[in-house]
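Below you'll find the structure, written out as structure tokens, and then a few comments.
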Ligand SMILES: O=P(O)(O)OC[C@@H](O)[C@@H](O)c1c[nH]c2ccccc12
């Protein structure tokens, strides 16, 4: 069974919801990332989303765009990202890792080579923002061969028909984008999220993660009432930016201070 599937099954048995933080690999430098990932686990992360930095991240708002810039500036390549995952895995066999990114750098690396290297490094899932599910055939096969879960985005504007198609292709979980727009957007509307998530339940048995606009413990807890997981990105990345000249242990502490209250409130 995949690590992601196992993770959601364990959570369901325990009556808990998944807390899924996002950070960009190599931000502010590749040397920071394993320490920061460990701090996320300590603060109660169930799954970690790791962004692969890209020069033109269309779906990202300014906070994550700047994280990509810092990371690329510090010399983070796809190969480095995979090396980071490999080092993290040496001391953590359990926490699923989802890589998030855009097609261009992966196409350059080679899809099959990337899929094989990702598997070997210990990656569990992949979310390629600009991979249209309709056109995904050969790319998808490379990941399926390595049992890497393919995670897709669904948004408030995705039609029911298209959502069904996407859910049938997806594995691991589906990612419901709570608001139109880019990452780091304004607060979400919990009622509207609940309505959409409820209607997705009729379409898929996969766990549903919700992200975009979750910045505080109260919102994380409210969303976790209806979703199977909550995804938290920009508020963490912003804390990295604000403390980028401090030690990595200090930045790790800043991330824990944001995530731990979310964990506690979700479990309360
Ligand atoms: O930043 P927010 O609003 O907390 O939302 C999570 C989001 O950043 C993360 O999942 C993510 C980072 N880059 C993305 C690109 C597309 C979709 C999602 C993402």
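So here's what we get for this one:
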{"quantity": "Region 163-185, subset at positive phi and within 14 Å of the chain's Cα centre (by Cα), residue nearest to the ligand (Cβ to nearest atom)", "calculated": "184"}
{"quantity": "Lone unmet requirement of (1) crowded, with 22+ Cβ neighbours inside 10 Å; (2) within 12 Å of the ligand (Cβ to nearest atom); (3) part of a helix (DSSP H, G or I) for residue 50", "calculated": "(3)"}
{"quantity": "Condition met for residue 147 (within 22 Å of residue 48 (Cβ to Cβ), more than 16 Å from the ligand (Cβ to nearest atom), in a helix (DSSP H, G or I) and within 20 Å of the chain's Cα centre (by Cα))", "calculated": "no"}
{"quantity": "Count of region 53-68 residues which are in a loop (DSSP other than H, G, I, E, B), within 10 Å of the ligand (Cβ to nearest atom) and surrounded by 19 or more Cβ atoms within 10 Å (Cβ to Cβ)", "calculated": "3"}
{"quantity": "Pick from region 198-211, criterion under 20 Å from the mean Cα position of the chain (by Cα) and more than 16 Å from the ligand (Cβ to nearest atom), ranking: surrounded by the fewest Cβ atoms within 10 Å (Cβ to Cβ)", "calculated": "205"}
{"quantity": "Failed criterion for residue 142 (all others in (1) in contact (Cβ under 8 Å) with a residue 12 or more places away in the chain; (2) part of a helix (DSSP H, G or I); (3) out of contact with any helix residue (DSSP H, G or I) (no Cβ under 7 Å at 6 or more places or on another chain) hold)", "calculated": "(3)"}
{"quantity": "Identity of the residue in region 150-162, in contact (Cβ under 8 Å) with a residue 12 or more places away in the chain and within 16 Å of the ligand (Cβ to nearest atom), that ends up surrounded by the fewest Cβ atoms within 10 Å (Cβ to Cβ)", "calculated": "157"}
{"quantity": "Within region 215-236, tally of residues that are part of a loop (DSSP other than H, G, I, E, B), farther than 21 Å from residue 172 by Cα and within 8 Å of the ligand (Cβ to nearest atom)", "calculated": "1"}
{"quantity": "Pair list, Cβ under 7 Å, 6 or more apart: region 170-188 residue under 18 Å from residue 99 (Cα atoms) and in contact (Cβ under 8 Å) with a residue 40 or more places away in the chain, other residue in a strand (DSSP E or B) and within 8 Å of the ligand (Cβ to nearest atom)", "calculated": "175/127; 175/153; 175/211; 175/231"}
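Only the coordinates and a few stated rules stand behind these numbers; no lab work does. As the structure is a prediction and not an experimental result, all values here were calculated from the model. As a convention, Cβ positions derive from the backbone with ideal geometry for all residues, glycine included, and neighbour counts pool all protein chains shown.
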